[in-house]
1. Convert each backbone phi in segment 253-261 into a coupling constant with the Karplus relation 6.51 cos²θ - 1.76 cosθ + 1.60 (shift: θ = phi - 60°), then list the ³J(HN,Hα) values in order as whole Hz, x for Gly and Pro.
2. Taking 7 Å along the Cα-to-C-beta vector as the label spot, tell me the Thr141-Val338 distance in nanometres, rounded to one decimal.
3. Could you let me know the centre-to-centre spacing of segment 331-378 and segment 222-252, using Cα atoms, in angstrom?
4. What share of all Cα pairs of segment 135-187, in percent, falls into each consecutive 10 Å distance bin?
5. Any chance you could tell me what percent of the C-alpha pair distances in the chain go past 30 Å?
6. Taking all protein chains in place and a 1.4 Å probe, what share, in percent, of the accessible surface of the chain do carbon and sulfur account for?
7. Once the other residues with Cβ under 9 Å from the Cβ of His186 are scored (Lys, Arg +1; Asp, Glu -1), what is the net sum?
8. Before I look further, what does the chain give for accessible area per residue, probe 1.4 Å, in whole square angstrom?
Amino acid sequence: ILFCMKKFPDHGGLQDTACQAFHDMILSTCDKTRQLVALDCMEYVVTAMRKHLAIMSLQEKACIILGKIISSANSSINQKTMSVLNGIRPIIKCMNKYPNNAYLQEVAISVIMDLVIGNDDNKNSVEALGGIVAIVKAMQTHLDVLQIQENGCRSLWILAANNDVNKVSIASANGINTIIKAMDTHPMNISLQKKACGALWSLSYNSMTNQLSIAKYNGFTAILRAMRSHQQALDLQEQALRALLNLTSKNKENQSHVVVGGGIEIIISTMLIHENISSVQEKACDVLWAIATTDIVREYIGNKLGISALLKAMSRHHDVEGVQEKALWVLMNVIKNVHVCNTIAQMDIGSIILKAKKNFPQKCRKLANEILLSLGYD
């Protein structure tokens with residue numbers, strides 16, 4: 001097969017048939033055989049895509065072949081090989097050539113997703129070649145196709161991670177609004193909601209512009225709705241909390257969006273439902289700490305079972321430094337409200353705070369001392 005592909009590179013029908021053969025082979029064999037095939041066929045498949053853009057069926061099969069190869073055990077090596085072959089370009093070209101082919105868009109985005117995981121060079125190449133625009137356009141064109149929305153959100157999540165240029169490009173391509181529309185269109189799909197929250201988390205990190213855009217397009221409504229609708233979905237809750245933390249840290253306008261949208265009740269509910277998961281407790285405390293910047297919000301946290309949830313988290317996770325420190329910071333903020341401070345002073349919390357101080361003196365001693373002093377402890 002490889003000999004024929006090499007001998008007759010301009011024969012579209014032959015190249016299409018050869019790709020079909022590799023397609024069938026790679027979908028029906030074990031990983032070891034797949035790896036052996038990959039070593040030989042990747043170059044020829046990329047060449048076929050480049051030379052025969054007009055053959056839609058070839059483009060579909062080629063994307064599937066490349067996706068399976070790249071996601072195999074040797075993924076990092078295969079990612080680099082694709083880069084050397086300039087294989088990202090034909091994938092984006094076929095997306096632009098066949099925008100209405102939902103299946104091709106789905107598999108092409110999946111290939112891009114596999115190419116950029118853990119590979120900064122490929123992230124940059126995808127952006128430079130117009131891949132971000134192509135992904136967003138596919139999501140906009142096929143809003144009702146769940147798998148395109150999932151693959152798109154996941155790809156944008158990865159592309160934006162620790163890459164300021166890509167964050168700007170995604171926002172410029174109207175990607176933020178597109179992600180939120182995906183959440184609005186598929187509200188009951190947990191996997192999509194998780195990936196979308198992850199994308200918003202990634203996009204909002206250290207980007208005030210993107211944080212404001214997410215608020216503008218009602219991203220808070222979408223995130224809080226996802227948390228409320230899927231309270232048992234642990235991974236989704238964690239990604240949503242991460243997004244809320246990025247969006248509210250040092251941004252008072254966004255902090256108010258969380259409060260008005262019922263976010264305090266939702267966050268506290270998440271803490272109580274996932275009370276055994278320390279990472280959830282820490283992230284939830286982080287968000288409560290970030291938004292407890294006004295007297296009204298501090299009282300709101302104190303009146304919404306927030307203090308009880310904080311103390312329960314500290315008691316249950318007494319050996320987790322992050323939970324202890326973040327919970328103490330929340331307490332430190334909320335007791336600035338006189339009414340909340342008086343309420344907490346009537347509660348028997350001294351032993352919990354002292355344990356945090358004893359177990360983690362470097363992080364918690366100063367905080368614990370200040371809280372205890374404010375509450376009237378000797």
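The values are calculated or read from the model by the stated rules, or taken from the named source; none is laboratory data. No experiment lies behind these values; they were computed from the predicted model shown. All Cβ positions, even for glycine, are placed from backbone atoms using ideal geometry, and neighbour counts span all protein chains on display. Accessible surface is based on the protein model in full, side chains and every heavy atom, while ligands, DNA and RNA are left aside. Shrake-Rupley method; radii C 1.70, N 1.55, O 1.52, S 1.80 Å.
1. Couplings: 5, 5, 4, 5, 4, 5, 5, 5, x Hz.
2. 6.4 nm
3. Here the two parts' Cα centres lie 27 Å apart.
4. Cα pair-distance distribution for segment 135-187, in percent: 28, 57, 15.
5. 48 percent
6. 52 percent
7. Charge balance near His186 sits at -3.
8. With all protein chains present, the chain gives 43 Å² per residue.
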